[in-house]
Amino acid sequence: MPKYYEDPYLKELEVRVVSRRGDYLKFDDTIFYPGGGGQPHDTGYFKGENFLAEIIDVKKDEDGIWHMIRKLNGEPEDKGKIYIDWERRYYLMKSHTGEHILYRSLEKLYPVRFVKVEFNVPESVIFIDGRLSIDDIEKAEEMANSIVSSNIPVTVEVEALEDSGDIRIRRDRIREGEIRVVRIGDFDSSACAGVHVKNTGEIGRIHVKKIKYSRENEIFFVVGDEALKEIEISKNAYRRISHLLNDFSNVYEKIVKMKTELDKLRDDYYKITEGMFRFENYTVNGINVYFTKEEIGDI
Ligand SMILES: [Zn+2]
């Protein structure tokens, strides 16, 4: 089992190069997650006494895990230490665990089906089948945050497929009859190859930033400090809008009404300007005169 599974909290590791393929190095072990299940690979450094190289890509194939290096200083030797960009990786661990919780909340409340997930820093996206309203998603977000603040342990076990019982298998996680099962107390069990935090409390907060309707329902979310930052931005925007409207209790209803009125005005405007193209234009003593026989309503 690679070190990133054994202890996902390791930030550095002493390694030996066991194989080279151009710019790609294979070490005797690694803390670098090679990517998979929507979670991107780690980035970081390979450092020795006489050299420093950046690790810019990590790939996994049948021969092992390969780290693409970009030399910064000196020639990489066979012994050194690897360091992961911990801030980025820890954020991805929080997002990944947060995604299990948010998706499971959606699934508990509505008849949705998971399509895929894409993790990025700071914004990740869950794609689901089934159209949900803002109200629906807010309910699921609330449920997810109650799981986050309940400090529930997250455990990982490799189990035989036939023993796994009622596990949500969302991705191609079955290898030789075994699956890696990630459990969040009794709230969620799912087969997953990613790296996760040990306790839901570490996520801090899950915040749905926006929803996009394409062929699927795309739910964009952020976690931790990024979530708090977004909540702060929303809070300030709400206060400014309330101030602008001079209404501190029915802001949303007021804006819905304004939008309906604006849409109607826009419609009327298009009808009128469309009519204008049918006007005939004469010049009488240097003055433009427009003339139409059509009924254009009140102007
Ligand atoms: Zn996962």
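Values in this text are rule-based calculations from the coordinates and carry no lab data. Values in this document were obtained by computation on a predicted structure and should not be read as measured data. Using ideal geometry, Cβ is built from the backbone for each residue, glycine included, and neighbour counts are taken over all protein chains shown.
Quick notes on this structure:
- Grouping the Cα pair distances of region 89-244 into 5 Å bins from zero gives a pair-distance distribution of 2, 9, 18, 21, 21, 14, 8, 4, 2, 1, 1, 0, 0 percent in increasing distance order.
- Cα-Cα over 32 Å, subset of Lys11/Lys209; Lys94/Lys139; Lys3/Lys210: Lys3/Lys210
- 222 nm mean residue ellipticity, helices alone, for the chain (DSSP H n ≥ 4; -39,500 (n - 2.57); rounded to 500): -10500 deg cm²/dmol
- Debye log10 I(q)/I(0) at q = 0.13, 0.15, 0.16 Å⁻¹ for the chain, Cα point scatterers: -0.98, -1.18, -1.27
- Positive dipole terminus of the chain, leading residue within Gly194, Val125, Tyr282 (C-beta point charges): Tyr282
- Between 0 and 90°, nearest 10: helix 86-109 axis offset from the chain longest Cα axis: 60 degrees
- Gain in span if fully extended, Arg113 to Tyr270, counting 0.36 nm per residue against the direct Cα distance: 52.4 nm
- Charged neighbours of Asp23, selected by a Cβ distance under 10 Å, balance to +3 (K, R count +1; D, E count -1).
- The chain - share of DSSP beta bridges that are antiparallel (%, nearest 5): 95 percent
- Among Glu118, Glu274, Glu107, the largest mean-square fluctuation in a Gaussian network model of the chain (Cα springs under 10 Å) belongs to Glu274.
- Remark: the chain carries a charge dipole of roughly 500 debye about the Cα centre, counting +1 on each Lys and Arg Cβ and -1 on each Asp and Glu Cβ.
- Whole-Å distance, taken between Cα centres, linking region 192-266 and region 119-143: 11 Å
- When +1 charges are put on Lys and Arg Cβ atoms and -1 charges on Asp and Glu Cβ atoms, the dipole computed for region 10-119 relative to its Cα centre reaches about 420 debye.
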